[in-house]
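The values are calculated or read from the model by the stated rules, or taken from the named source; none is laboratory data. Because the structure is a prediction, the values reported are computed rather than measured. Reconstructed Cβ throughout: ideal geometry from the backbone, glycine too, with neighbour counts over all protein chains shown.
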Amino acid sequence: MHSLSFELDAVPPFSFELTVHNPAGWHWYSPLEVFSGGRVWIALRLATGGVVGLRLESLGSVERPRVLLRVFSQLELAEAEAEEVLRSVEGLAGLREDMAGFYRAAEEDPILKQVVGDLYGMRDRAIFRDSVFTSALLAVAFQNAPINRTAQMLRLLITGYGERLDFDGKTSYMWPTPSAVLSASPGELAERCRVGYRAGYIRSVAEAVSSGACPTLGELAQMPFHEAKAELVKLRGIGDYSAEVILPHPESFPVDKWSAEIFWELFFPGEEMPPGAQAIRLVRRHAEERWGRWRRQAFTYVLCDRENLSKRLRAGPG
DNA sequence: GCGTCCAGGTCTACC
DNA sequence: GGTAGACCTGGACGC
């Protein structure tokens, strides 16, 4: 295999460790990525159709961040392909994202002040910066399922319809493309990936993405939040929750039954939580009033720091 | 063992 | 506009 190395800057503060290996125990880019000894390995498909294996590690510190990127490919990369890899990695890792505004806002909010202190320099997960289809697969797998079922569905989708890549002594997989998923019948998809009725949802999103009926992540980002959300909920299987999982807007707040319980405890301590949809509505409204355009960042930070927050809640004031 | 319930939503039918 | 019931699947639970 051919390999190339690059050193990338990031806008400080940037914590490589918290970003690619966050404390909530979630994957950064894919459930089948490899993380070991401070390095992360992922496989990526280029717009040209080529595939590359990537290994990332930190060379710097949170305040003087530098990332060492090693790129593995079967064929030598053209200059334009190498450039595409660099822009993709910058985008996936949020290297150019300036956190200053969010951190200033966090100073004024007791919850955010804690989570920013705990997770200083962390960026949102790469999977949400990849594509509409990838985020939609994640959102649909979360629907009406406990977390181990979600993990099972995602692994089977990736290993069944994603492309495998062996490089640098590791094995990784690319996320399935819409066309790979559409090559299977709904019955085959449901059976092989244990996704049940979600097979229809996954195929309908795949059709909308590949036909161009659904805007790309970049096009959605250019639209006002409510307009972009209206585009996504036109898709079969994409409702309020899934649309906000996918949307790259800072106003998105994809609260579900599980996260509503966490936010309820923070927003309304000691108050009994109303059933399902009502609690989600109240949490969503409170987050909008309290965190405004910072609510996506707040959502990510609070859920990644939920164990520290609940320890402090149990310990009480002081 | 076996039956029943239900989970990190969404859709449809019905009011 | 609001809401009950159905939907795949598999783990937990009671018997």
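For the range A:112-147, a residue qualifies if it is over 18 Å from A:PRO176 (Cβ atoms) and either within 9 Å of DNA strand B (Cβ to nearest atom) or crowded, with 23+ Cβ neighbours inside 10 Å (or both), and the qualifying residues are A:VAL115, A:VAL116, A:MET122, A:ARG123, A:ASN144, A:ALA145, A:PRO146, A:ILE147. Scanning the range A:195-206 for residues that are of a type in the set (Phe, Trp, Tyr) and in a helix (DSSP H, G or I) yields a total of 1. Summed over the range A:190-204, the residues that are more than 6 Å from DNA strand C (Cβ to nearest atom) and either touching a Phe, Trp or Tyr at 6+ places or on another chain (Cβ under 6 Å) or among the aliphatic types (A, V, I, L, M) (or both) give a count of 3. Return yes when A:TYR197 is aromatic (Phe, Trp, Tyr) and loosely packed, with under 13 Cβ neighbours inside 10 Å and no when it is not. In short, yes.
May I ask you to list the residues in the range A:52-94 that are closer than 21 Å to A:GLU17 by Cβ and modelled with pLDDT under 95? Across the range A:52-94, the qualifying residue is only A:GLY60.
Yes/no per residue for (1) under 17 Å from A:THR150 (Cα atoms); (2) within 16 Å of DNA strand C (Cβ to nearest atom); (3) surrounded by fewer than 17 Cβ atoms within 10 Å (Cβ to Cβ):
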residue: A:SER172; (1), (2), (3): no, no, no
residue: A:THR177; (1), (2), (3): no, no, no
residue: A:PRO186; (1), (2), (3): no, yes, yes
residue: A:SER210; (1), (2), (3): no, no, yes
residue: A:ALA221; (1), (2), (3): no, no, yes
residue: A:ARG236; (1), (2), (3): no, yes, yes
residue: A:GLY239; (1), (2), (3): no, yes, yes
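Tell me yes or no: at least one residue of the range A:257-267 is under 28 Å from A:ALA208 (Cα atoms) and among the β-branched types (Val, Ile, Thr). Within the range A:257-267, none of the residues are under 28 Å from A:ALA208 (Cα atoms) and among the β-branched types (Val, Ile, Thr). In this structure, does A:ARG192 turn out to be closer than 25 Å to A:ILE42 by Cβ, surrounded by fewer than 20 Cβ atoms within 10 Å (Cβ to Cβ) and in the same structural domain as A:VAL140 (by TED's automatic domain parsing)? The answer is yes for A:ARG192.
Just one of the numbered conditions (1) within 18 Å of the chain's Cα centre (by Cα); (2) under 17 Å from A:VAL140 (Cα atoms) is not true of A:ALA206: (1). For the range A:244-257, the candidate set comprises residues that are touching a residue at least 60 places away in the same chain (Cβ under 8 Å) and either among the charged types (D, E, K, R) or not in a loop (DSSP other than H, G, I, E, B) (or both); within that set, the residue that is farthest from A:ALA145 (Cα to Cα) is A:ILE246.
Quick one: in the range A:24-45, which of the residues that are in contact with a strand residue (DSSP E or B) (Cβ under 9 Å, 6 or more places away or on another chain) and free of Cβ contacts under 8 Å to residues at least 40 places away in the same chain is surrounded by the most Cβ atoms within 10 Å (Cβ to Cβ)? My answer is A:VAL40. The condition (being more than 20 Å from the chain's Cα centre (by Cα), modelled with pLDDT of 95 or more and either crowded, with 18+ Cβ neighbours inside 10 Å or not hydroxyl-bearing (Ser, Thr, Tyr) (or both)) is satisfied by just one residue among A:GLU97, A:GLU107: A:GLU107.
Quickly run through the range A:207-239 and pick out the residues that are in a loop (DSSP other than H, G, I, E, B) and among the hydrophobic types (A, V, I, L, M, F, W, C).
A:ALA213, A:CYS214, A:MET223, A:VAL233, A:LEU235, A:ILE238, listed by residue number.
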